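What follows is a single structure, written as structure tokens, with notes after it.
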Amino acid sequence: PTLVFEHPTPNAVATHLAAALGGASELSDAHPVVMRHRHSKTRFLMLHGRAGNARLFESLMQAMGWLDSLRDLVEFVFIDGPYTCRAAPELYAGLAARGLYGQAPAYFDFGLHGEPEASAASVEAAVSDIEKRLVDSGPFHAIGGICDGALIAAVVASRQTQGPILYL
């Protein structure tokens, strides 16, 4: 199970994180997911899905209310996958129909659906790339993603030896 499946709303995630991090007081009455915490923000590295990009994933998270709901507790860092790929409007039909997908200058993936086919070496290189970014742009306390990004995040989290990293 993952954090989001066990705590499927921004408020539930915020409450869980406050308890896990210690030192948090109760939720604010004015804004139920704004927490008073004596530590700095928890940093989450976020990985998009196939034929997506960091900006698209960030826009989706914003539209669902996650960014505003957790802004006082969490810093989300969205990054692009290491491989460029063609747009795949069939994967984002609702967004494409509204003109919200297909206009970006570039889309990315993690080597799971390479053209003509994925290879173990391309996936391993993608995992290594994300591990390097964890170090170079860290510290990060958690890693998560959607679709292919979630698969890569799970592999990266499972391979961490330098302290715990939470998989979302």
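Applying a threshold of 9 Å to beta carbon distances and a minimum spacing of six or more residues, or different chains, the list of pairs starting in segment 126-142 at a residue that is under 15 Å from L112 (Cβ atoms) and ending at one that is basic (K, R) and open to solvent by 60 Å² or more (accessible area, probe 1.4 Å) reads V127/R159. Scoring L67 on the criteria (1) surrounded by fewer than 19 Cβ atoms within 10 Å (Cβ to Cβ); (2) at pLDDT 95 or above leaves a single failure, condition (2).
Residue by residue, here is whether (1) part of a loop (DSSP other than H, G, I, E, B); (2) hydroxyl-bearing (S, T, Y); (3) out of contact with any strand residue (DSSP E or B) (no Cβ under 8 Å at 6 or more places or on another chain) holds:
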| residue | (1), (2), (3) |
| --- | --- |
| L60 | no, no, yes |
| G99 | yes, no, yes |
| F108 | no, no, no |
| G111 | yes, no, no |
| V123 | no, no, yes |
| A126 | no, no, no |
| K132 | no, no, yes |
| V135 | no, no, yes |
| A154 | no, no, no |
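As a summary of the residue check, G94 satisfies the conditions (1) under 19 Å from E58 (Cα atoms); (2) surrounded by 15 or more Cβ atoms within 10 Å (Cβ to Cβ); (3) at pLDDT 90 or above except for the one numbered (2). Pairing residues of segment 59-71 that are on the phi < 0 side of the Ramachandran plot with residues that are at pLDDT below 90 and buried (at least 18 other Cβ atoms within 10 Å of the Cβ), at Cβ distances under 7 Å and at least 6 apart in sequence or on separate chains, gives W66/P10; S69/P10; S69/A14; S69/V33; L70/P10; L70/V13; L70/A14; L70/V33. Evaluation of L151 against the conditions (1) under 17 Å from the mean Cα position of the chain (by Cα); (2) at pLDDT below 90; (3) within 12 Å of G81 (Cβ to Cβ) shows that the sole unmet condition is (2).
Quick check, is S25 modelled with pLDDT under 90 and assigned to a strand (DSSP E or B)? The answer is yes for S25. Confirm whether L56 is among the hydrophobic types (A, V, I, L, M, F, W, C), modelled with pLDDT under 60 and closer than 23 Å to S137 by Cα. No, not satisfied. Every listed requirement among (1) under 22 Å from F44 (Cβ atoms); (2) among the hydrophobic types (A, V, I, L, M, F, W, C); (3) surrounded by fewer than 18 Cβ atoms within 10 Å (Cβ to Cβ) is met by A125 save one, (1).
Residues are listed down the side, and each one gets a yes or a no for (1) modelled with pLDDT of 95 or more; (2) at positive phi; (3) open to solvent by 50 Å² or more (accessible area, probe 1.4 Å):
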site: V74; (1), (2), (3): no, no, no
site: F78; (1), (2), (3): yes, no, no
site: G81; (1), (2), (3): yes, no, no
site: R86; (1), (2), (3): no, no, yes
site: A104; (1), (2), (3): no, no, no
site: F108; (1), (2), (3): yes, no, no
site: G114; (1), (2), (3): no, no, no
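The values are calculated or read from the model by the stated rules, or taken from the named source; none is laboratory data. Owing to the predicted nature of the structure, the values given are computational and were not obtained by experimental measurement. Positions of Cβ are backbone-derived with ideal geometry, glycine not excepted, and every protein chain shown enters the neighbour counts. In case anyone asks, the SASA skips ligands and DNA or RNA and just uses the protein heavy atoms, side chains included. Shrake-Rupley method; radii C 1.70, N 1.55, O 1.52, S 1.80 Å.
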